[in-house]
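Below is one structure, written out as structure tokens, with a few remarks after it.
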Amino acid sequence: MLIMGPPGAGKGTQAELVAKRFAVPAISTGDIFRSNIANETDLGRRVKPYLGPGLYVPDELTNEVVRDRLSQADVADGFLLDGYPRTLAQVDFLDKVLAEQGHELDHVIVLKVDVDEVVKRLHQRALKEGREDDTPETIRKRQEVYLEQTDPLIAVYRERGLVFEVDGLGSVEEVQRRVADAIEQPPQPPN
Ligand code: B4P
């Protein structure tokens with residue numbers, strides 16, 4: 001499964017709950033990058049210059065992180081990717097890795113939330129967590145990058161019959177119920 005949506009849509013929040021409910025690992029590229037930055041690893045040093053200003057980490061680096069994570073034993077019975085893929089090159093790479101491993105995507109959950117709401121949530125997160133990429137300027141930049149590079153990917157997965165749009169407004173519990181309902185529906189491959 002994948003979970004997609006603009007920055008601040010609640011992907012990470014919902015992914016954790018899905019992971020518990022369906023007993024699959026939730027893999028967030030954003031979390032992997034942030035923990036590497038916090039631990040001052042080589043990967044952390046390489047990705048830090050991108051996360052701060054709200055830019056995407058280059059595909060080569062991101063793809064290798066995902067390939068490595070998807071080679072671990074705990075994904076054998078399913079997984080949820082949160083925040084990946086974000087570019088067309090990442091979609092192609094993921095297709096390749098999944099084909100090599102004999103996995104297939106069956107749900108792409110798209111959280112629908114309007115810009116005013118996500119900006120409000122990210123401002124609140126800035127107050128609570130003080131994330132470096134939650135400054136007003138960076139929040140705007142990340143929304144732009146999302147619209148330009150990631151929003152078009154939804155059409156790619158829609159053509160494959162994998163997209164389930166979920167209203168991301170409402171309480172975390174309400175949104176989780178909608179996400180869980182979507183996951184329980186079968187994918188609708190095109191005829
Ligand atoms: P991410 O970690 O994916 O961060 P995000 O898009 O900001 O957050 P998300 O949508 O998960 O929102 P959250 O649940 O936290 O990416 C960070 C950066 O990493 C990127 O900008 C990029 O630089 C890099 N990166 C990651 N993946 C990459 C890739 N594949 N390629 C290249 N670069 C990549 O929710 C936001 C806030 O809303 C929280 O405070 C939460 O508590 C609140 N919230 C959630 N649900 C709510 C609800 N229903 N009502 C009210 N508030 C809610």
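Taken together, the values in this text are just the output of simple stated rules run on the coordinates, not laboratory data. It should be emphasised that the depicted structure is a prediction, and the values quoted were computed from it without experimental measurement. As a convention, Cβ positions derive from the backbone with ideal geometry for all residues, glycine included, and neighbour counts pool all protein chains shown.
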Extension gain, Ala19 back to Gln101 (0.36 nm per residue minus Cα-Cα distance, nm): 27.4 nm
Computed FRET value (nearest 0.05) for Ala73 with Ile154, which takes r as the C-beta separation and R₀ as 41 Å: 0.85
Projected-area average for the stretch 2-184 over all orientations - Cα convex hull basis, square nanometres: 10.0
The stretch 1-109 - charge dipole about Cα centre, Lys and Arg +1 at Cβ, Asp and Glu -1, debye rounded to 20: 420
Charge dipole magnitude, Cβ of K and R +1, D and E -1 - the chain, Cα centre, debye nearest 20: 400
Whole-Hz ³J(HN,Hα) from phi, Karplus 6.51 cos²θ - 1.76 cosθ + 1.60, for the stretch 111-124, glycine and proline x: 7, 9, 9, 7, 4, 4, 5, 5, 5, 4, 4, 6, 5, 5
Normalised contact order of the stretch 2-184, rounded percent, pairs of Cα under 8 Å and 6 or more residues apart: 34
Least to most buried among Ser28, Ser71, Ser171 (fewest other Cβ within 10 Å first): Ser171, Ser71, Ser28
Cβ-derived FRET efficiency at R0 25 Å, Glu137 paired with Asp181, nearest 0.05: 0.10
Two-site FRET efficiency, Asp42 against Glu173, from Cβ-Cβ distance with R₀ of 30 Å, rounded to 0.05: 0.15
For Val110, distant residues with modelled amide H under 5 Å away: Met4, Phe164, Glu165, Val166
Segments 73-81, 97-105 sorted - mean Cβ within 10 Å per residue, highest first: 73-81, 97-105
Residue order, fewest to most beta carbons within 10 Å, for Arg160, Arg34: Arg160, Arg34
